[in-house]
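Enquirer: Sharing a structure here in structure tokens format.
The values are calculated or read from the model by the stated rules, or taken from the named source; none is laboratory data. The structure displayed is predicted, hence computed values, not measured ones. Cβ atoms come from the backbone with ideal geometry, glycine included; neighbour counts cover every protein chain shown.
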Amino acid sequence: MKIGMVCYPTFGGSGVVATELGKELALNGHQVHFITYTQPIRLDFFNENLFYHEVNISSYPLFQYPPYESALAGKMVDVVKYEKLDLLHVHYAIPHATSAFLAKEILRAEGIHIPVVTTLHGTDITVVGKDNTYRPMVAFSINKSDGVTAVSNDLRKETFETFKIENEIKVIPNFVDLTRFHKQKKDHFKRIICPNDERLIVHVSNFRRVKRIGDVIESFGKIKEMIPAKLLLIGDGPERVKMEKLCRDLGLCDDIRFIGKLDAIEEVLSVADLFFMPSEKESFGLAALEAMACEVPVISSNSGGLPELNIHGETGFLSNVGDVDDMVKNALHILSEENLSNFKANAKKRADQFDIKKIVPLYEEYYKEVVESVQAMAYS
Ligand code: GMT
């Protein structure tokens, strides 16, 4: 099949999922054409089945805001026509699903029927999608997609509760590439980061408010009062400066390191003992899955789709959003000598259920179903 893949190409879970999906589909013999405004971050090698088409946004003195949606739709039309694509798969509803609708209508006028699959990732529904400015566009674009998937049951439910949706939504969970995310022997890292054999706690995110990094830091401060520990904060974003100030105010700077955006996350995860994800909203929690694949148990909030991934008392613990004391109590339980290895083994076992090799075939089946139904409608 020839698939057009549209996503946000920079850091962020939806772009990572789209890129990894495209790479795996290419391995399975499909031709995948990425249509984005810059080269996706994990698409940095050559493969005969992978293509990249940059969306050029021409500027004009009249444009205070260059019309990205139109530029993207125009590029989609061009790529569908000239690469003879069978399907467009857009990740994150805003504005990708809307541009896809526009492209589909333009192509339809020329007698080309291109099926569109939209994958909902999280904040496109739970935060941005609820904004009154975007709400009508999100609902409309979902209803006009030929296929819709969501990354968790919770996100599917919230989509139906938030919008008037006329389509079925198929749940296809996120996945992890176990050939990349597995525990590697990196003892020298551990010795550098934790010279006195401290427990190592890690958080990875795009440093937005929804991630509640303040809870990670506060919890860490309390954990450190009980056991020797270090904290690594990986990623960057709008909350970084505030979080650095919090570390200083709490006198924790010697034991907390801000690593910034790091590509080889698996190397650090390989030496971590615990992963923190106390998010206010989290439709799936891809970063937690990647940690679990590296045998790292998870302390998370119980929001959104996290209970579908992190099994309470087995792979880690779930707490109410903001309940720092509960998170600290649970973290100390996991980090104890007698419990840690069990939690690590359970985390890995759970992650294996989200193996890319098991999940990507679900997308392939779904694509086939959607293409067949669009063809049946177009030529009936
Ligand atoms: O909203 C974000 O944090 C970014 C968003 C994205 O597009 O990168 O992340 C969402 O999609 C990920 C991939 O499906 C999920 O693993 C994240 O849980 C989800 N984030 C939220 O729901 C907050």
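Enquirer: Just one of E69, E105 is acidic (D, E), more than 22 Å from I172 (Cβ to Cβ), assigned by TED's automatic domain parsing to the domain that holds K23 and in contact (Cβ under 8 Å) with a residue 12 or more places away in the chain; which is it? Reasoning before the result, please.
Expert: Details: E105 fails: in contact (Cβ under 8 Å) with a residue 12 or more places away in the chain.
Exactly one of E69, E105 is acidic (D, E), more than 22 Å from I172 (Cβ to Cβ), assigned by TED's automatic domain parsing to the domain that holds K23 and in contact (Cβ under 8 Å) with a residue 12 or more places away in the chain, namely E69.
Enquirer: Look at segment 73-92 and say how many of its residues are more than 16 Å from the ligand (Cβ to nearest atom) and farther than 17 Å from V32 by Cα. Don't jump to the end; show me each part of the working.
Expert: As a first pass, look at segment 73-92 and keep what is more than 16 Å from the ligand (Cβ to nearest atom): 73-88.
Add one more test, that the residue is farther than 17 Å from V32 by Cα, and what stays is 73-74.
Total satisfying the criteria: 2.
Enquirer: Now a separate question. I'd like the residue in segment 214-235 that is without any contact (Cβ under 8 Å) to a residue 60 or more places away in the chain and not in a strand (DSSP E or B) and, out of all such residues, is surrounded by the fewest Cβ atoms within 10 Å (Cβ to Cβ). Step through it out loud before you land on a result.
Expert: Step one: list which residues in segment 214-235 are without any contact (Cβ under 8 Å) to a residue 60 or more places away in the chain, which gives 214, 217, 220-221, 224-225, 228, 230-234.
This time we only want the ones that are not in a strand (DSSP E or B), so: 214, 217, 220-221, 224-225, 228.
Values: G214: 16, I217: 22, F220: 27, G221: 20, K224: 19, E225: 9, P228: 12.
Residue satisfying both the conditions and the ranking: E225.
Enquirer: Still on this structure: Against the condition aliphatic (A, V, I, L, M) and either surrounded by fewer than 19 Cβ atoms within 10 Å (Cβ to Cβ) or within 24 Å of K224 (Cβ to Cβ) (or both), how does A351 come out, does it pass? Steps first, answer last, please.
Expert: Working: aliphatic (A, V, I, L, M): yes; either surrounded by fewer than 19 Cβ atoms within 10 Å (Cβ to Cβ) or within 24 Å of K224 (Cβ to Cβ) (or both): no.
The answer is no for A351.
Enquirer: Checking N143 against (1) away from the ligand (no atom under 16 Å from the Cβ); (2) outside any helix (DSSP H, G or I); (3) free of Cβ contacts under 8 Å to residues at least 40 places away in the same chain; (4) in contact with a Phe, Trp or Tyr (Cβ under 9 Å, 6 or more places away or on another chain), which test does it fail?
Expert: (2)
Enquirer: Got a number for residues in segment 299-325 being buried (at least 24 other Cβ atoms within 10 Å of the Cβ), within 15 Å of R212 (Cα to Cα) and β-branched (V, I, T)?
Expert: The qualifying residues number 1.
Enquirer: If you don't mind, there's one more thing I want to ask. For segment 93-130, give me each residue that is away from the ligand (no atom under 16 Å from the Cβ), in contact with a Leu (Cβ under 9 Å, 6 or more places away or on another chain) and either basic (K, R) or at pLDDT below 95 (or both).
Expert: Across segment 93-130, the qualifying residue is only K104.
Enquirer: Let me ask something additional. Can you run down the residue pairs with Cβ atoms below 6 Å, 6 or more apart or on separate chains, where the first is in segment 288-317 and farther than 18 Å from V216 by Cα and the partner is within 16 Å of the ligand (Cβ to nearest atom) and of a type in the set (G, A, S)?
Expert: So the pair list comes out as A293/A351; G304/S283; G305/S152; G305/S283; E308/S152; L309/G285.
Enquirer: Find the residue count for segment 281-311, including only residues that are modelled with pLDDT of 95 or more and over 18 Å from I172 (Cα atoms). Outline the logic, then answer.
Expert: From segment 281-311, those modelled with pLDDT of 95 or more are 282-311; that's our starting set.
The next check asks that each one be over 18 Å from I172 (Cα atoms); those that pass are 291-303, 311.
Matching residues across segment 281-311 total 14.
Enquirer: Let me ask something else about it. How about segment 236-247: which of its residues are more than 24 Å from I192 (Cβ to Cβ) and buried (at least 20 other Cβ atoms within 10 Å of the Cβ)?
Expert: Here is the first cut: in segment 236-247, the ones more than 24 Å from I192 (Cβ to Cβ) are 237-239, 241-242, 245-246.
Within segment 236-247, E239 is the sole residue that qualifies.
Enquirer: Only one of these is among the hydroxyl-bearing types (S, T, Y), buried (at least 22 other Cβ atoms within 10 Å of the Cβ) and not in a helix (DSSP H, G or I): T179, T159, T133, T118. Name it. Spell out the reasoning first.
Expert: Numbers: T179 fails: buried (at least 22 other Cβ atoms within 10 Å of the Cβ); T159 fails: not in a helix (DSSP H, G or I); T133 fails: buried (at least 22 other Cβ atoms within 10 Å of the Cβ).
Exactly one of T179, T159, T133, T118 is among the hydroxyl-bearing types (S, T, Y), buried (at least 22 other Cβ atoms within 10 Å of the Cβ) and not in a helix (DSSP H, G or I), namely T118.
Enquirer: Taking only segment 243-262 into account, find how many residues are touching a residue at least 12 places away in the same chain (Cβ under 8 Å) and either more than 16 Å from the ligand (Cβ to nearest atom) or in contact with a helix residue (DSSP H, G or I) (Cβ under 6 Å, 6 or more places away or on another chain) (or both). First the steps, then the outcome.
Expert: Within segment 243-262, the subset touching a residue at least 12 places away in the same chain (Cβ under 8 Å) is 243-244, 246-247, 250, 252, 255-262.
So of that shortlist, the ones also either more than 16 Å from the ligand (Cβ to nearest atom) or in contact with a helix residue (DSSP H, G or I) (Cβ under 6 Å, 6 or more places away or on another chain) (or both) come out as 243-244, 246-247, 250, 252, 255-260, 262.
Residues meeting the conditions: 13.
Enquirer: Being of a type in the set (A, V, I, L, M, F, W, C) and under 20 Å from the mean Cα position of the chain (by Cα) is the requirement here; does I41 meet it? It would help to see each step written out before you state the result.
Expert: Details: of a type in the set (A, V, I, L, M, F, W, C): yes; under 20 Å from the mean Cα position of the chain (by Cα): yes.
So I41 passes the test.
Enquirer: Just the residues that are within 17 Å of K75 (Cα to Cα), within 13 Å of the ligand (Cβ to nearest atom) and modelled with pLDDT of 95 or more, please, taken from segment 1-35. Let's see the steps before the verdict.
Expert: Taking segment 1-35 and keeping what is within 17 Å of K75 (Cα to Cα), we get 2-9, 32-35.
Remaining after also requiring within 13 Å of the ligand (Cβ to nearest atom): 6-9.
Across segment 1-35, the qualifying residues are V6, C7.
Enquirer: Based on what the data block shows, is Y379 hydroxyl-bearing (S, T, Y), more than 27 Å from A229 (Cβ to Cβ) and modelled with pLDDT of 95 or more?
Expert: Numbers: hydroxyl-bearing (S, T, Y): yes; more than 27 Å from A229 (Cβ to Cβ): yes; modelled with pLDDT of 95 or more: no.
So Y379 does not fit the description; no.
Enquirer: Within segment 263-288, work out how many residues are crowded, with 24+ Cβ neighbours inside 10 Å and near the ligand (Cβ under 10 Å from one of its atoms).
Expert: Counting residues in segment 263-288 that are crowded, with 24+ Cβ neighbours inside 10 Å and near the ligand (Cβ under 10 Å from one of its atoms) gives 9.
Enquirer: Moving on. Go through segment 187-213 residue by residue and tally those that are surrounded by fewer than 16 Cβ atoms within 10 Å (Cβ to Cβ) and in a loop (DSSP other than H, G, I, E, B).
Expert: Step one: list which residues in segment 187-213 are surrounded by fewer than 16 Cβ atoms within 10 Å (Cβ to Cβ), which gives 187-188, 191-192, 195-197, 209.
Now drop any that are not in a loop (DSSP other than H, G, I, E, B), which leaves 195-197.
So the count comes out to 3.
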